[in-house]
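The values are calculated or read from the model by the stated rules, or taken from the named source; none is laboratory data. Every value quoted in this text rests on a predicted model; they were computed, and no experiment measured them. Cβ coordinates were reconstructed from backbone atoms using ideal geometry, including for glycine residues, and neighbour counts include every protein chain displayed.
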Amino acid sequence: MRRLLLTAAAATVAAVTLTACGTTEPAADDAAKKTTTERITLTDASGAKVELDGPAKKVVGTEWNVVESLVSLGVDPVGVADVKGYKTWNTAVPLKNEPKDIGTRGEPSMDTIAALKPDLVIATSDLPPAALQQLRKVVPVLEVRPGDAADPIGQMTKNLDLIAQATGTTEKAGTLKQQFQAKLDEGKKSLADAGHAGAQFAFADGYVISGQTSIRPYTSGSLIGGVNEKLGLKNAWTVQGDEAYGLATTDVEGLTKLGDVQFAYIGNDGDKDSNPFAGVLAQDKVWTSLPFVQKGNVHRLPDGIWMFGATESMGKYVDAVVSALKKK
């Protein structure tokens, strides 16, 4: 996690070599070493100043999008909220180590986090203010916004950049952003070549809770909605999403307002209540009467693409959408 410091062996070899050459370069080498250990000052989403002695090495992530960004940047977090849940829902960016489970995403264990003695905890504003305040009394905390319906992709990359600054991985962040933009460009061209430019498209997920089916539309303000539009698709949802995630709530009757669209969703075989579309709705008369259901324009995308992730999850999502629609 941001291991930018020279090893003692490397420093020794460099010093011997420079002395043998009779050069004045050691001063430049000293300056380089000084740069790697300079304090880092960041301003987080709350407006707070976060001071670090150098790139954070031991990092805890309280939300899965943060964890994905860390792993994508080459940083193995020492603590992760709901490790089992992350492994179930985000197989696009798997963990490369065995981090300590710090509890749930909504209520992480302060004692567990403190025992890890991290250099930095990266949390989202989804945590209650009291919890964030308590964390800040124990360890440095970098707070990021979980999303922004006004600019979902921009917020995703802004978070990635802030995490990269804290961990000394800005070069890797630049590469991830370039790769993601290339993925969007390629996906848009592929869909246009297949005749899907401007296609009406609706993405949702759903849950069965106490026997009741709840469906969440991903509006234009959602991260997935933003990606869909970058792919040249038109979001068919007309409902209003929330200010952070661009999510709304409806039921099966609300799907009748979509009309003749391409409909996609992500379920999870590891969560039996997360896929009503292929479950309880299969025998529902409203569902089976929908035009996109009757035409076979319902696409279950692969499990393990976290809908609120970062560049790599969204890149996998692009691949999945292009693959699904090119079959039609």
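Go through the residues of region 94-106 one by one and say whether even a single one is out of contact with any Gly (no Cβ under 9 Å at 6 or more places or on another chain), at pLDDT below 95 and assigned by TED's automatic domain parsing to the domain that holds residue 134.
Checked against the condition, which is being out of contact with any Gly (no Cβ under 9 Å at 6 or more places or on another chain), at pLDDT below 95 and assigned by TED's automatic domain parsing to the domain that holds residue 134, region 94-106 yields at least one hit.
Quick one: which helices (runs of 4 or more DSSP H) lie wholly within region 66-148 and hold at least 1 residues that are more than 19 Å from residue 309 (Cα to Cα) and either under 17 Å from the mean Cα position of the chain (by Cα) or β-branched (Val, Ile, Thr) (or both)?
Details: elements: 83-89, 110-116, 129-136.
In region 66-148, 110-116 are the helices (runs of 4 or more DSSP H) which contain 1 or more residues that are more than 19 Å from residue 309 (Cα to Cα) and either under 17 Å from the mean Cα position of the chain (by Cα) or β-branched (Val, Ile, Thr) (or both).
Considering 149, 192, which residue is surrounded by 19 or more Cβ atoms within 10 Å (Cβ to Cβ) and at pLDDT 95 or above?
149
Got a sec? Which of 181, 133 is of a type outside the set (Gly, Ala, Ser), closer than 17 Å to residue 47 by Cβ and free of Cβ contacts under 8 Å to residues at least 40 places away in the same chain?
Answer to the check: 133.
Residues checked against (1) crowded, with 23+ Cβ neighbours inside 10 Å; (2) farther than 14 Å from residue 120 by Cα; (3) without any contact (Cβ under 8 Å) to a residue 24 or more places away in the chain:
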| position | (1), (2), (3) |
| --- | --- |
| 46 | no, yes, no |
| 49 | no, no, yes |
| 59 | yes, no, no |
| 69 | yes, yes, no |
| 72 | yes, yes, no |
| 79 | yes, no, no |
| 83 | no, yes, yes |
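Could you tell me whether residue 229 is touching a helix residue (DSSP H, G or I) at 6+ places or on another chain (Cβ under 8 Å), of a type in the set (Asp, Glu) and in a helix (DSSP H, G or I)?
no
What is the number of the single condition among (1) more than 29 Å from residue 43 (Cβ to Cβ); (2) surrounded by 15 or more Cβ atoms within 10 Å (Cβ to Cβ) that residue 122 does not meet?
Of (1) more than 29 Å from residue 43 (Cβ to Cβ); (2) surrounded by 15 or more Cβ atoms within 10 Å (Cβ to Cβ), only one is false for residue 122: (1).
Filter region 281-328 down to residues that are among the basic types (Lys, Arg) and within 30 Å of the chain's Cα centre (by Cα) and give me whichever is surrounded by the most Cβ atoms within 10 Å (Cβ to Cβ).
Top of the filtered list is 316.
Say we look at region 244-280 and pick out the residues that are closer than 19 Å to residue 308 by Cα and loosely packed, with under 13 Cβ neighbours inside 10 Å; which of these is modelled with the highest pLDDT?
The selected residue is 249.
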